[in-house]
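J.: Can you keep this structure in mind? I'll have questions shortly.
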Amino acid sequence: MTPCSIKRLVQRVFLILGYVLLLSIPPQLFVIPDSIAAPGGQGMGMGPVCPPACPPNPANCDANLVLTPTQPLRFGLVAAPAAGTVTVDTTGARSSTGGVILIVGGTVNPATFSMTTTPYNCTGQPLVIVTVASPAVLTHAGSGATMNVDNFTTNPIAGDAFDPTIPLTVGGTLNVGNLQTQGTYSGNILITVTFQ
């Protein structure tokens, strides 16, 4: 293939993160007593209402978990004279296989999300599930051609302790077809994060 024909196959491909599905558990209201009636006493007094008085538990951490996308997963510029893959990991490192040629330029980065559980402080609570539905389908802006993204990786992973100061990062592998239609591709991914 001539350099000219390779140049025509240069693509900018990236994944735009849209709606993120979270658990639909309603927030829970807890009431704890600050005194208990003694025999012959005046009854039960009502203590502070949670939050913030109650310690966090998996149910109220899940119910108040919010993931906010702060940057999309971007694969940068590539040429694809033959089929192959492009992988961006959770640190933003990029690699390729097969006939995909990585081109300097464009933006390459993992997806990132901030994670909060306000008004509960769930710092240190273990994350039980951190998954990304696979594959995600990217669609060409004009022709309707598609590519799949799979083999997603995350940081943190299931089992790690929750820390709201550390963003959730997501990497993945883009599967590029032989003579894939050039242009911009976009799509959505579905992420599930739970504490129980």
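J.: Among the residues of the range 157-187, what is the count of those that are part of a loop (DSSP other than H, G, I, E, B), among the small types (G, A, S) and either closer than 23 Å to T107 by Cα or in contact (Cβ under 8 Å) with a residue 60 or more places away in the chain (or both)?
T.: 3
J.: Restricting to the range 83-101, and then to whatever is surrounded by 15 or more Cβ atoms within 10 Å (Cβ to Cβ) and among the aliphatic types (A, V, I, L, M), can you tell me which residue is nearest to G159 (Cα to Cα)?
T.: Only one residue tops the list, namely V88.
J.: I've got another one for you. If you check T118, T154, which single one turns out to be outside any strand (DSSP E or B), among the polar types (S, T, N, Q) and either crowded, with 19+ Cβ neighbours inside 10 Å or free of Cβ contacts under 8 Å to residues at least 60 places away in the same chain (or both)?
T.: T118
J.: Name the residue that is nearest to the chain's Cα centre (by Cα), counting only residues in the range 82-96 that are farther than 14 Å from P72 by Cα and touching a residue at least 24 places away in the same chain (Cβ under 8 Å).
T.: Ranking the candidates gives T87 first.
Quick note: the coordinates plus some simple rules give every number you see, no bench work behind them. Everything numeric in this text was worked out from a predicted model, so none of it was measured. When we count neighbours, we look across all protein chains shown, and the Cβ atoms used for this are built from the backbone with ideal geometry, even at glycine.
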